[in-house]
1. Just give me the residues in the stretch 162-203 being more than 25 Å from L128 (Cα to Cα) and polar (S, T, N, Q), in sequence order.
2. Kindly provide the set of residues from the stretch 126-152 that are among the aromatic types (F, W, Y) and at pLDDT below 85, ordered by number.
3. On the given criteria, is R195 surrounded by 13 or more Cβ atoms within 10 Å (Cβ to Cβ), basic (K, R) and at pLDDT below 90?
4. Can you tell me which residues in the stretch 158-172 are among the hydroxyl-bearing types (S, T, Y) and either exposed (fewer than 13 other Cβ atoms within 10 Å of the Cβ) or at pLDDT below 90 (or both)?
5. How do the pairs read when you match residues in the stretch 129-158 that are in the same structural domain as D183 (by TED's automatic domain parsing) with residues anywhere that are among the acidic types (D, E) and part of a loop (DSSP other than H, G, I, E, B), using Cβ under 8 Å and keeping only pairs 6 or more apart or on different chains?
6. Take the residues in the stretch 116-139 that are surrounded by fewer than 16 Cβ atoms within 10 Å (Cβ to Cβ) and hydrophobic (A, V, I, L, M, F, W, C); name whichever of them is farthest from P193 (Cα to Cα).
7. Output yes when any residue across the stretch 79-89 is β-branched (V, I, T) and either buried (at least 18 other Cβ atoms within 10 Å of the Cβ) or in the same structural domain as T185 (by TED's automatic domain parsing) (or both), and no when none is.
Amino acid sequence: MQIVLKQKMKHPGEILVRPSRIMGVTRALGGILLFALLHNPVQTFGTTVLPWQSVILTWNASPDTNAAGYNVYYGGASGDYTNMINGGNATSTTISGLTAGVTYYFAATAYDGLGQESVYSSEISYLLPAPAATLQIRSAPAGQFILTVSGLTGQTYDVLATQDFTAWSIIGTVTLDAGGSLDFTDTNAASFPQRFYCTRAKP
């Protein structure tokens, strides 16, 4: 079984299903693909599901005709799966309610018509990245600029500035409040003929 992470992933991982402890489900589940959702937030029963809080796990159907369905296990520590999603006989499932900046560990099993489950597949881990912050700029007295940083509540971001897009310097750090935004004032802006800004999430 192969898992491929598809959000700026550098190295795909490979998972092999160990031999089943049940009679009927003895073959590999096939390839599994894990995607972080990369679209706008969607509304579900009035609750916003943010794209960095969900992943989609997709797999190829097992070639074993006795395989009736699949379970996906995950948690915040290696080998300690505190959550389980029954994927039924579908070949994908969405895992929501995840926390940005946390590493999750995933494994899968197959089960037969009697509910007997195979052993766990090999494990794969995935660090759910923090979302990029947005930055709004407005002028202030004495040539200063006020930068409003918006992003994930509680996340810390560096504020960087440059004159030439080559050398960037950290000019401040903000930790976003419960509203998910915070103002930062560049008191040195008037000292430069031009200045450009960006933010970077701190791990």
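1. Scanning the stretch 162-203 gives T162, Q163, T166, S169, T185, T187, N188, S191, Q194.
2. Hit for the stretch 126-152 is Y126, nothing else.
3. Spelling it out, it is not the case that R195 is surrounded by 13 or more Cβ atoms within 10 Å (Cβ to Cβ), basic (K, R) and at pLDDT below 90.
4. Within the stretch 158-172, T166, S169 meet the criteria.
5. Final answer for the pair search is T153/D177.
6. V119
7. So far as the stretch 79-89 goes, no, none of its residues is β-branched (V, I, T) and either buried (at least 18 other Cβ atoms within 10 Å of the Cβ) or in the same structural domain as T185 (by TED's automatic domain parsing) (or both).
Residues checked against (1) touching a residue at least 60 places away in the same chain (Cβ under 8 Å); (2) among the acidic types (D, E); (3) in the same structural domain as S62 (by TED's automatic domain parsing):
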site: A110; (1), (2), (3): yes, no, yes
site: Y120; (1), (2), (3): yes, no, yes
site: D177; (1), (2), (3): no, yes, no
site: D186; (1), (2), (3): no, yes, no
site: P193; (1), (2), (3): no, no, no
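The values are calculated or read from the model by the stated rules, or taken from the named source; none is laboratory data. Computed from a predicted model, the values in this text were never measured in an experiment. Ideal geometry is used to build each Cβ from the backbone, glycine not excepted, and the neighbour counts take in all protein chains shown.
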